[in-house]
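Following: one structure in structure tokens, then a few remarks.
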Amino acid sequence: MAETSITTGVMTMMELRYNPITDEWIIISSETQKRPVLPKKESCPLCPGVLEMKHDYDLTAFDNRYPSLKLDPPQIQKDDFFENAPSYGKCEVIMFTSDHNSSLSRMPFGQIEKLIYVWEDRTRDLMKYEKIKYIFPFENRGKEVGASQIHPHGQLYAFPFLPKRIQTKIDAIAKYKSKGECAICDVIKHETGENIVYDGESFVALVPYFARFPYEVHIYSRRHISFFTEMTSREKFDLAIALKVVTSKYDSLFDQEFPYMMEIFQGPVNPQMKDFHFHIEFNPPKRDKVNVKWMASVETGTWAFINPLTPSEAAKSLRNASYSI
Amino acid sequence: MKINGHMKAGIGREIVGDFELNFSVSKSRGYLIEIELKNLSDAPKFIKEIKIGEIDSNDKIFMNNFQSWGPCTFVNPYEVSMVLKSSNVPLNFGISPVLWEFKDGIVSDYFVATDHEFAGFLSSNISHPYFKWHDGNLDVKVYIGKTLSSHESVRIEKLWISEFDTIENALQDYALEVLKDHETRSHSPLFGWESWYSYYLDISQETFLKELESANLKYEVFQLDDGYEADIGDWLKTNSKFPDGLEFLARKIKEKGMKAGIWTAPFSVSESSDLFKEHPDYLVKDDEGNPIVAYENWRRKIYAIDLSNDEAIEWLKDLFLTLKSYGYEFFKIDFLFAGMVPGKRKSNLSPVESYTRGMKAIAEAVGDSHILGCGAPLLPSIGYVDSMRIGSDTSFEWNGTDTGAPSAKYSIRNALTRNFMNKWWVNDPDCVMARSQRTELSKNERMINLFVPALLNGQFIESDFLGELTNEDIHLLMSALNFRNGNSTVKFIDRERYVITTKNSKNGDVISFVNLSDSVWKADLSYQIGKKEEEFFISYPLMKSVDKNLEINPRSIEIVLHRGKRYLRRDDEKEDDGRDIHYYWGDDYDGVKI
Ligand SMILES: [Zn+2]
Ligand SMILES: [Zn+2]
């Protein structure tokens, strides 16, 4: 084992390992470090002047203190049988606002618009590293999906490989070529309105016909684009509105801070894949006001999802839910 | 003297009865006229009002009432004087300190504008300056109301006159000219809640605490309005609805992390109060020595505190020091016009001098706490209030008369016409109400009531039944809050139609069309902006792209959002352990050219 170290009596290590049974890469990241000491136990490390941000800020992007991937990963020791690789890449934290008690659902859409410019800048920056193959911004909101800090923030992973579900999406694009040009373009074209949550000029938000989660929402760009870097200022504005409308509708659905996983899918980079249609998925774990739909055996083991709610019904509830901008 | 926007610089002199007026005219964007008044006689002379000169009038003039609630708008003076003659608008000192002038005319206080000229006094420290319209003439006058000893002379308020291209620019320039002669006392605009427009006088300790319990938004201030006091004048004694007193309430509010606010009418004394019985010596009197009725309200006669009286001033200071010691940090002081009613006072101070003396006493007593003036004479209050009501009370009803009486429509109209006063203090357009229940306002009317105050970025105080708001009501309120923090200018299309151009609100640059009229307004967007119209977008709740020809429904607001390119500034820094951190700053928009 290379570069294992004994800091707290626990062996730590970082590497990528290939699973030949499922043809996918796994990130091993057992690096345990001493947690930094906060000035007060209850203080928020993401507030201005506390820990990560030395001074006031509007938005920031910074390297995760506990990255699973980094540009200077530890060396790995090759195995005779198993395939492995260095944990190359980048894990960033993206602060949406310095306002501790805000959220995408509550902040001015003008702030979300700025966030989109930040996501664009991060994408432009990170695609310069040739070994980066996929740039994935996301947000985990709520303790139900493991968020430990309520201060509004997201993260970004820059992978040195194409993660399994991304590869699946790419394979589906190739397969769809026998039917048409682009599945997302065609879904937008064939949407009759019953699944629509918000019908914007440049983006449409809908509960997809094939939703896996009860209140799953996808946001599709009307134009076939693959990256933030291709969006016009008008599209960035419209996307900010769409994100604001969807997240604030989520909060008013059950009159609670609605937990979700927000995943932003751009095309692969190095090389850029333009067949890929930009989209955002919201995967909320809630099935109703109190109950959570867990990723249980069937979902985790087989990737077959059982959705207890008809997508058009979910869309109707979300369409009727009030929102703010 | 003929006063106009193309007079000659120099000096002049006029004799009016026992008094001599000395003028000195100099150029200052327009013309600045400094005036000295001298008692020529060998005896002390009481001086009431004096005419300084005349300006040319026309059929449409822009007029302003002296106090918070009164109208500020374009009028046809012939029509207004006819209406006043034929209607029974009660004339009391809340309408004007120079009531006698209304016998044969109408009055615009502090400033006035014709179709091309603007005239405004730059202060009201000694006298009450005003313009009297009668029979097509505009007289320039000041009311002083004190005795000048033999050969005594006083410098009275400066008058500024200018020809203008637009009335909006003239008002902006006027605000700056006024500022030259004043220090301001200004806090930032606050977001808060108060009890008046939900409970009115029915507020009780129980209901107030219930509302406090429901306060989930980030209110900075939580204010108790009228209804707690034993009587007008007996502020420290609560009535039976408030068994635990004022100190208890302040503590409860502070426990929730907000500033505690309290309403008083400190220059007013009710005929039934203990103060009236114990201290008739504190009151302004008529020539016979009887206390003067300043106004009637709460079904009682209300008298005015004589603020030239040292003992009354001590009482006043003590009142505010006590409230402050209870924990209050936000003081809404109301019916302030009572402090400057004409009448006999203990010392030889003019009503305006007495008023400012009272205001100064309160300001000193509360220190750096926030003072919100209401029902207040405007010019003499500069420097003594942090924020100022600039319109009538709002209402759960749209209409009303344009006389300073409660009205959702005219309250907002004044917020628009008097927006230029935001250089003197934080403007308070009165409360917003997000509620869809227990209101007569339509959704569009409620949107005007919520979004105009937000866009103008003055005080933003909500007065709702917090426990009864629907999800949609709350979202309407939250959307409005996201349009605060901008810099706005207001363009007057006519008496009932306004365009607000806002730079750098939390939601970016916006242009808002406010239609207070009862008919559809066909507006041309491209005329309002110098930008490509495809960069604009219409907002909440329509969320649709706009054509350059807008149709704004009666009694509604259309907010047009700018979706041009934004520029983020990026600073790269390192964390202590060498990790990269990028700071992005997005406060600069490539915004609307105002
Ligand atoms: Zn925080
Ligand atoms: Zn496509």
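The values are calculated or read from the model by the stated rules, or taken from the named source; none is laboratory data. Bear in mind the structure is a predicted one, so any value in this text is a computation, not a measurement. Using ideal geometry, Cβ is built from the backbone for each residue, glycine included, and neighbour counts are taken over all protein chains shown. Remember, those area values only see protein heavy atoms, side chains included, never the ligands or the DNA or RNA. Shrake-Rupley method; radii C 1.70, N 1.55, O 1.52, S 1.80 Å.
On a full-extension model of 0.36 nm per residue, what is the gain between B:Tyr78 and B:Leu236, subtracting their alpha-carbon distance, rounded to one decimal in nm? Could the numbers behind the result be given before it?
Working: separation 158, 0.36 × 158 = 56.88 nm, distance 4.71 nm.
Here the answer is 52.2 nm.
Mind checking the mean number of beta-carbon atoms from other chains within 10 Å of the Cβ atoms in A:104-110? Kindly include the intermediate steps, with their values, before the conclusion.
Working: counts 0, 2, 5, 3, 11, 8, 15.
Average neighbour count from other chains, rounded to a whole number: 6.
Restricting to segment B:184-389, compute how many DSSP beta bridges are antiparallel as a %, nearest 5. Write down the numbers at each step before the final one.
Working: 12 of 30 bridges.
Within segment B:184-389, antiparallel bridges account for around 40 percent of the total.
How far is the Cα center of segment B:284-308 from the Cα center of segment B:82-132, in Å?
22 Å
State the Kirkwood hydrodynamic radius of segment B:152-264 in Å, one decimal place, computed from all pairs of distinct Cα atoms. Write down the numbers at each step before the final one.
Working: mean 1/r = 0.0571 Å⁻¹.
Hydrodynamic radius (Kirkwood, Cα pairs) of segment B:152-264 is 17.5 Å.
Only sites in a loop by DSSP and with at most 16 other Cβ atoms within 10 Å count here; which trypsin sites (Lys or Arg not before Pro) in segment B:45-87 make the cut? Could the numbers behind the result be given before it?
On the way: sites: B:Lys45, B:Lys48, B:Lys51, B:Lys60, B:Lys85; in loops: B:Lys60.
Those satisfying the criteria are B:Lys60.
Give the average, rounded to an integer, of partner chain Cβ atoms located within 10 angstrom of each Cβ in A:233-241.
On the way: counts 7, 8, 1, 3, 9, 4, 0, 4, 7.
Per residue, the average neighbour count from other chains is 5.
Quickly estimate the mean residue ellipticity at 222 nm for chain A, helices only: each DSSP H run with n ≥ 4 gives -39500 (n - 2.57), and the total goes over all residues, rounded to 500. Each step should come with its number before you reach the end.
Values: 5 runs with 70 residues, N = 325.
Helices in chain A give a 222 nm mean residue ellipticity of -7000 deg cm²/dmol.
What fraction of the DSSP beta bridges in the protein assembly as shown is antiparallel, stated in percent and rounded to the nearest 5?
On the way: 156 of 183 bridges.
Bridges in the protein assembly as shown are about 85 percent antiparallel.
Expected output is a single nm value to one decimal: the length gained when fully extending between B:Asn471 and B:Thr166, i.e. 0.36 nm times separation in residues minus the C-alpha distance. What is it?
Details: separation 305, 0.36 × 305 = 109.80 nm, distance 4.26 nm.
Answer, rounded to one decimal: 105.5 nm.
Between B:Glu271 and A:Ala85, what is the label-to-label distance in nm when each label sits 7 Å out along the Cα-to-Cβ direction?
Spacing of the two 7 Å Cα→Cβ label points: 9.2 nm.
Give me log10 I(q)/I(0) at q = 0.13, 0.23 Å⁻¹ for segment B:325-434, Debye formula, one equal scatterer per alpha-carbon, no solvent.
-0.54, -1.23
Given the whole protein assembly as supplied and a 1.4 Å probe, what does the accessible area of A:Tyr134 come to in Å², nearest 10?
Probe radius 1.4 Å; accessible area of A:Tyr134 about 0 Å².
Please compute the Kirkwood hydrodynamic radius of segment B:184-389 from all pairs of different C-alpha atoms, in Å with one decimal. Don't skip to the answer; put the middle values down first.
On the way: mean 1/r = 0.0581 Å⁻¹.
That comes to 17.2 Å for segment B:184-389.
For segment B:1-45, I need the span (max minus min coordinate) of the C-alpha atoms along each principal axis, in Å, sorted largest to smallest.
The Cα atoms of segment B:1-45 stretch 40, 16, 13 Å along the principal axes, largest first.
Counting C-alpha atoms alone, how compact is the protein assembly as shown: give Rg to one decimal and Dmax as a whole number, in angstrom.
33.0, 119
Normalized C-alpha radius of gyration of segment B:250-327, against 2.2 N^0.38 Å?
On the way: Rg = 15.2 Å, N = 78, 2.2 N^0.38 = 11.5 Å.
Normalised Cα radius of gyration, segment B:250-327: 1.32.
Only Cα pairs under 8 Å and at least 6 apart count here; give the relative contact order of segment B:10-179 as a rounded whole percent.
On the way: 348 pairs, mean separation 49.5, N = 170.
RCO, segment B:10-179: 29 percent.
Convert each backbone phi in segment B:355-371 into a coupling constant with the Karplus relation 6.51 cos²θ - 1.76 cosθ + 1.60 (shift: θ = phi - 60°), then list the ³J(HN,Hα) values in order as whole Hz, x for Gly and Pro.
Residue by residue, segment B:355-371 yields 4, 5, 5, x, 5, 5, 4, 5, 4, 5, 5, 8, x, 8, 5, 8, 10 Hz.
I'd like the distance between the alpha-carbon centres of segment A:217-288 and segment A:70-105, rounded to an integer number of Å.
So the two Cα centres are separated by 22 Å.
Which whole-percent values make up P(r) of segment B:469-525 when all C-alpha to C-alpha distances are grouped in 5 Å steps starting at zero?
4, 17, 21, 18, 19, 17, 4, 0
Counting Lys +1, Arg +1, Asp -1, Glu -1, what net charge surrounds A:Gln167 among other residues with beta carbon under 12 Å of its beta carbon?
Details: positive: A:Lys133, A:Lys164, A:Arg165, A:Lys169; negative: A:Asp23, A:Glu24, A:Asp171.
Once positives and negatives cancel, what remains is +1.
Over the protein assembly as shown, with every protein chain in place, what whole percent of the accessible area is carbon and sulfur at 1.4 Å, could you tell me?
On the way: 18330 of 36730 Å².
After summing per-atom areas, the C and S share lands at 50 percent.
To the nearest 0.05, how large is the calculated FRET efficiency for B:Asp135 and A:Val50 if R₀ is 51 Å and r is the Cβ-Cβ distance?
Values: r = 70 Å, r/R0 = 1.38.
E(calc), rounded to 0.05, equals 0.15.
Rg/Rh for segment A:60-172 to two decimals, with Rh computed the Kirkwood way over all alpha-carbon pairs. Don't jump to the answer; show the numbers that get you there.
On the way: Rg = 16.2 Å, Rh = 15.8 Å.
So for segment A:60-172, dividing Rg by the Kirkwood Rh gives 1.03.
Taking springs between alpha-carbon atoms closer than 10 angstrom, which of A:Leu51, A:Leu243, A:Leu115 fluctuates most in the Gaussian network model of chain A?
A:Leu51
Taking the protein assembly as shown as a whole, which cysteines find no other cysteine Cβ under 4.7 angstrom from their Cβ?
A:Cys91, B:Cys72, B:Cys374, B:Cys431
Please identify, among A:His277, A:His218, A:His55, the residue showing maximal mean-square fluctuation in a Gaussian network model of chain A using a 10 angstrom Cα cutoff.
Looking only at A:His277, A:His218, A:His55, the largest GNM fluctuation is found for A:His55.
Ignore the peptide's own chain and count Cβ atoms of other chains within 10 Å of each Cβ in B:481-491; give me the average, rounded.
On the way: counts 3, 9, 3, 1, 2, 1, 0, 0, 0, 0, 0.
If you average over the peptide's residues, the count of other-chain Cβ atoms is 2.
Per residue, how many Å² of accessible area does the protein assembly as shown show with a 1.4 Å probe?
40 Å²
Suppose R0 equals 51 Å. What FRET efficiency, 1/(1 + (r/R0)^6) with r the Cβ-Cβ distance, do B:Lys443 and B:Asp577 give to the nearest 0.05? Write down the numbers at each step before the final one.
Values: r = 54 Å, r/R0 = 1.05.
The pair B:Lys443/B:Asp577 has a calculated efficiency of 0.45.
Would you mind estimating how fast segment B:10-179 diffuses translationally, via Stokes-Einstein at 4 °C and 1.567 mPa s with the Kirkwood radius over Cα pairs, in µm²/s? Before the final figure, lay out each step's value.
Values: Rh = 16.7 Å.
Once the numbers are plugged in, D ends up at 78 µm²/s.
Peptides B:534-546, B:453-465: what's the order by average Cβ count within 10 Å, highest mean first? It would help to have the intermediate numbers written out before the result.
Values: B:534-546: 18.2, B:453-465: 25.8.
Descending mean neighbour count gives B:453-465, B:534-546.
In whole percent, what relative contact order does segment A:191-325 give with Cα contacts below 8 Å and a gap of six or more residues?
On the way: 235 pairs, mean separation 47.7, N = 135.
RCO, segment A:191-325: 35 percent.
Could you sort A:135-143, A:289-297, B:300-308, A:86-94 so that the peptide with the highest average Cβ count within 10 Å comes first and the rest follow in order? Could you put the intermediate results ahead of the total?
Values: A:135-143: 19.9, A:289-297: 11.9, B:300-308: 25.1, A:86-94: 21.7.
Ranking, from highest mean packing down: B:300-308, A:86-94, A:135-143, A:289-297.
Would you work out the Kirkwood radius for segment B:66-138? I mean one over the mean of 1/r across all pairs of different Cα atoms, in Å.
Details: mean 1/r = 0.0764 Å⁻¹.
That comes to 13.1 Å for segment B:66-138.
Please list A:182-193, A:203-214 highest first by mean number of surrounding beta-carbon atoms within 10 Å per residue.
Details: A:182-193: 14.3, A:203-214: 21.3.
The packing order, highest mean first, is A:203-214, A:182-193.
Segment B:403-468: which trypsin sites (Lys or Arg not before Pro) are DSSP loop and have at most 13 other beta-carbon atoms within 10 angstrom? Before the final figure, lay out the partial values.
Working: sites: B:Lys409, B:Arg413, B:Arg418, B:Lys423, B:Arg435, B:Arg438, B:Lys443, B:Arg446; in loops: B:Arg418, B:Arg435, B:Arg438.
Those that pass, being in a loop and sparsely packed, are B:Arg438.
Using alpha-carbon positions, what is the distance between the centroids of segment B:20-64 and segment B:374-407, in Å?
Segment B:20-64 and segment B:374-407 have Cα centres separated by 27 Å.
Below 8 Å, C-alpha to C-alpha, sequence gap of six or more: please give me the relative contact order for segment B:418-481 in percent. Before the final figure, lay out the partial values.
Values: 67 pairs, mean separation 27.5, N = 64.
Contact order relative to length: 43 percent.
With θ set to phi - 60° and the Karplus curve 6.51 cos²θ - 1.76 cosθ + 1.60, what are the ³J(HN,Hα) couplings of segment B:72-78 in order, to the nearest whole Hz, using x for Gly and Pro?
9, 6, 6, 9, 8, x, 4
Can you give the convex hull volume per residue for the Cα atoms of chain A, as a whole number of Å³?
Working: hull volume 51.5 nm³, N = 325.
About 158 Å³ per residue, rounded to a whole number.
For chain B, take the convex hull of the Cα atoms, compute a quarter of its surface area, and give me that in nm², please.
Values: hull surface 119.9 nm².
Here the figure is 30.0 nm², rounded to one decimal.
Nearest 100 Å² is fine: what is the total accessible surface buried where chains A and B meet, probe 1.4 Å?
Values: alone 16400 and 23980 Å², together 36730 Å².
Separately minus together, A and B give about 3700 Å² buried.
Distance in nm between label sites at B:Asn549 and B:Asp287, each 7 Å beyond Cα in the beta-carbon direction?
6.6 nm
Quickly estimate the mean residue ellipticity at 222 nm for chain B, helices only: each DSSP H run with n ≥ 4 gives -39500 (n - 2.57), and the total goes over all residues, rounded to 500.
Values: 12 runs with 126 residues, N = 594.
Helices in chain B give a 222 nm mean residue ellipticity of -6500 deg cm²/dmol.
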